[in-house]
């Protein structure tokens, strides 16, 4: 089989998957009476009209990258962490809590401390699911889903109770949100007048470090081995259960850090609905990026654009915000389906046979040597 | 409020509250016994809840009005079955990893239901739904009558579905095929069973039951639709299958236990007992984790659970 055909085959599979996802979303848009073309047009070009739009895309890409890096680590290690949403919230609580508890500390201490607190909080929340899986054989998908609901309740409890801004109680408006964090912990803005903050640099550096961790260290190798084949890894001396817990600590830590960065960089106080589904979107980002840091960064930017674009369509033409979930769901289903065809040599051979039956297309399939023989 | 009265309220509310979970979990049981881990149950239930709600919302009066609930349940079952088939296409035919595909289906279902709801309905509106249908004589038994026999007809049907599911799974040729393809698909294949076809059939049935469970929520329990009506019940249904050790009886026990925890939580709030509301809401979810941790079930499950079957691949 020629290389050209292999490439052609991959392209065709990817194109078919993209088309299927777009058609699903387009169908839903048609049903609710919006033109798919206009909507897709706004989503894809709207955010790129001005500097502010571009920076907003990057603002969304920061938490998406961070969470997706953690998701990739856990997926590579054979543990399906879908609890990022809850881990983000715990990260926000911890980092905001630390920042509010020690407002007098100098920036050089308080800022790293606050980021670290967020990371540890998230890691702890993820670690619960890891230990449950490793020690008690609890399906991690189910435990992380349940932990998401628990974290959401814990978050509202903290915002309504212990962490609530005293001003809210005084004026009686009672909006569940924390006090404004001390200025010392705010992340610097990269572009004045926009919300783009130094978290972007942090995300890029960490993406590189994750690559080093997973592909250049023993620990990373162990985690990947546990994910690729638990039995073989155990036989080779890898402590699989430990690798799973470590992977969940990393996954939770990245999600918690994403929460901390979001609250220190963008909102400067813990508010309700702060995460807006980053935890789930990041799963799509991680898959879209091939569970590799080099793919995740561009994927996060792309999905940042989709999120900003979807916001724009909601505000300008009134497409319901849930549409973004439809888009993400369709993309996940398309990716996992396409992947099986890309990695399946049998399917490729079958396609090759099929094409070679079509007169005139034979040369596409076979290499020059095969054709001669 | 005295404790006896509270216990009665918890029990008589807990039984109908368990039905949505029960229907969805029984459906999921068929999926898993056939070897397919359908995590998209949440999305299927959301779509079922919306489509079950729509006829009653659209047709408020006229000759058709009394039949809207029936139509709603039929639509919900149909859309559930359809989504089950879609999941089959992705996981059985394309052999995609089921956990991730399930998350995709969940997002798709919840997203489409939410989008259609926002567009066609907009705000929270009620429907008449299905009224209670006390069973003559039996419902007049003191205490027990109110707990067991004073509900809407779907409750009775759902509890009849429990022995029916057991019979279907354990006493019919189709049930044997389902268990075979979920336990040892290669052996089943050798015996001439079309593994993928049986899996599709199980997904069809499971999806329809998930859709019915969703419609029960919007038509019988809440009598309205909201974006977050299902609120994780689809995931809990999947967890209940583990908890119930893949048997209809165990699943029924789990569904009752879970919904009693939920009504207990409601009773605490209504009863004015000082306890933070958020922690009360957490209680059922924490219970699921606890129960899963205490019952080591993985080794008891269908041995081919989550593994796509490929005829062409040598083992």
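The values are calculated or read from the model by the stated rules, or taken from the named source; none is laboratory data. Quick caveat: nothing in here was measured; it's all calculated off a predicted structure. Virtual Cβ from ideal backbone geometry, glycine too; neighbours counted across all protein chains shown.
All conditions in (1) within 16 Å of the chain's Cα centre (by Cα); (2) modelled with pLDDT of 85 or more hold for residue B:54, with the sole exception of (1). Note on the stretch A:215-230: residues that are modelled with pLDDT of 85 or more and surrounded by fewer than 17 Cβ atoms within 10 Å (Cβ to Cβ) total 7. For the stretch B:65-87, the set of residues classified as within 12 Å of another protein chain (Cβ to nearest Cβ) and touching a residue at least 60 places away in the same chain (Cβ under 8 Å) consists of B:83, B:87, listed by residue number.
Contact map, the stretch B:278-294: residues that are more than 7 Å from chain A (Cβ to nearest Cβ) and modelled with pLDDT of 85 or more paired with residues that are in a helix (DSSP H, G or I) and crowded, with 16+ Cβ neighbours inside 10 Å, Cβ distance under 6 Å, separation 6+ or inter-chain. Pairs shown: B:287/B:261. In the condition set (1) within 16 Å of residue A:63 (Cβ to Cβ); (2) in contact with a helix residue (DSSP H, G or I) (Cβ under 6 Å, 6 or more places away or on another chain), residue A:249 is compliant with all but (1).
Among the residues of the stretch A:260-279, those identified as assigned to a helix (DSSP H, G or I) and crowded, with 23+ Cβ neighbours inside 10 Å are A:260, A:261, A:262, A:263, A:264, A:265, A:278, A:279.
Restricting attention to the stretch A:316-338, the residues being more than 7 Å from chain B (Cβ to nearest Cβ) and either part of a helix (DSSP H, G or I) or surrounded by fewer than 23 Cβ atoms within 10 Å (Cβ to Cβ) (or both) number 10.
The single residue among A:257, A:291, A:287, A:342 that is within 12 Å of chain B (Cβ to nearest Cβ), out of contact with any strand residue (DSSP E or B) (no Cβ under 6 Å at 6 or more places or on another chain), crowded, with 24+ Cβ neighbours inside 10 Å and in contact (Cβ under 8 Å) with a residue 24 or more places away in the chain turns out to be A:287. Scanning the stretch A:130-146 for any residue that is within 22 Å of residue A:262 (Cα to Cα), surrounded by fewer than 24 Cβ atoms within 10 Å (Cβ to Cβ) and within 14 Å of chain B (Cβ to nearest Cβ) turns up nothing. Tell me, yes or no, whether the stretch A:108-115 has at least one residue that is under 25 Å from residue A:241 (Cα atoms) and surrounded by fewer than 18 Cβ atoms within 10 Å (Cβ to Cβ). Checked the stretch A:108-115: no residue is under 25 Å from residue A:241 (Cα atoms) and surrounded by fewer than 18 Cβ atoms within 10 Å (Cβ to Cβ).
The condition of being surrounded by 23 or more Cβ atoms within 10 Å (Cβ to Cβ) and either in contact with a strand residue (DSSP E or B) (Cβ under 9 Å, 6 or more places away or on another chain) or outside any loop (DSSP other than H, G, I, E, B) (or both) holds for only one of B:287, B:260, B:240, that being B:240. Just one residue in the set A:60, A:4 is surrounded by fewer than 18 Cβ atoms within 10 Å (Cβ to Cβ) and assigned to a helix (DSSP H, G or I); that residue is A:4. Picking from residues in the stretch B:107-122 that are assigned to a helix (DSSP H, G or I) and more than 7 Å from chain A (Cβ to nearest Cβ), the one that is surrounded by the most Cβ atoms within 10 Å (Cβ to Cβ) is B:109. Here the helices (runs of 4 or more DSSP H) wholly within the stretch A:157-238 that include at least 1 residues being under 17 Å from residue A:274 (Cβ atoms) are A:166-171, A:199-216. Of all residues in the stretch B:89-99, those being crowded, with 24+ Cβ neighbours inside 10 Å, assigned to a helix (DSSP H, G or I) and at the interface with another protein chain (Cβ under 7 Å from one of its Cβ atoms) number 1. The combined condition, being more than 13 Å from every other protein chain (Cβ to nearest Cβ), within 13 Å of the chain's Cα centre (by Cα) and in a helix (DSSP H, G or I), is not fulfilled by residue A:308. Does any residue of the stretch A:193-202 turn out to be farther than 30 Å from residue A:286 by Cα and either more than 14 Å from every other protein chain (Cβ to nearest Cβ) or touching a residue at least 40 places away in the same chain (Cβ under 8 Å) (or both)? Scanning the stretch A:193-202, I find at least one residue that is farther than 30 Å from residue A:286 by Cα and either more than 14 Å from every other protein chain (Cβ to nearest Cβ) or touching a residue at least 40 places away in the same chain (Cβ under 8 Å) (or both), so the answer is yes.
Yes or no, residue by residue, for (1) within 13 Å of chain B (Cβ to nearest Cβ); (2) free of Cβ contacts under 8 Å to residues at least 60 places away in the same chain; (3) in contact with a strand residue (DSSP E or B) (Cβ under 9 Å, 6 or more places away or on another chain); (4) at positive phi:
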residue: A:25; (1), (2), (3), (4): yes, no, no, no
residue: A:29; (1), (2), (3), (4): yes, no, no, no
residue: A:35; (1), (2), (3), (4): no, yes, no, no
residue: A:39; (1), (2), (3), (4): yes, no, no, no
residue: A:49; (1), (2), (3), (4): no, yes, no, no
residue: A:59; (1), (2), (3), (4): no, no, yes, no
residue: A:64; (1), (2), (3), (4): no, no, no, no
residue: A:69; (1), (2), (3), (4): no, no, no, no
residue: A:72; (1), (2), (3), (4): yes, no, no, no
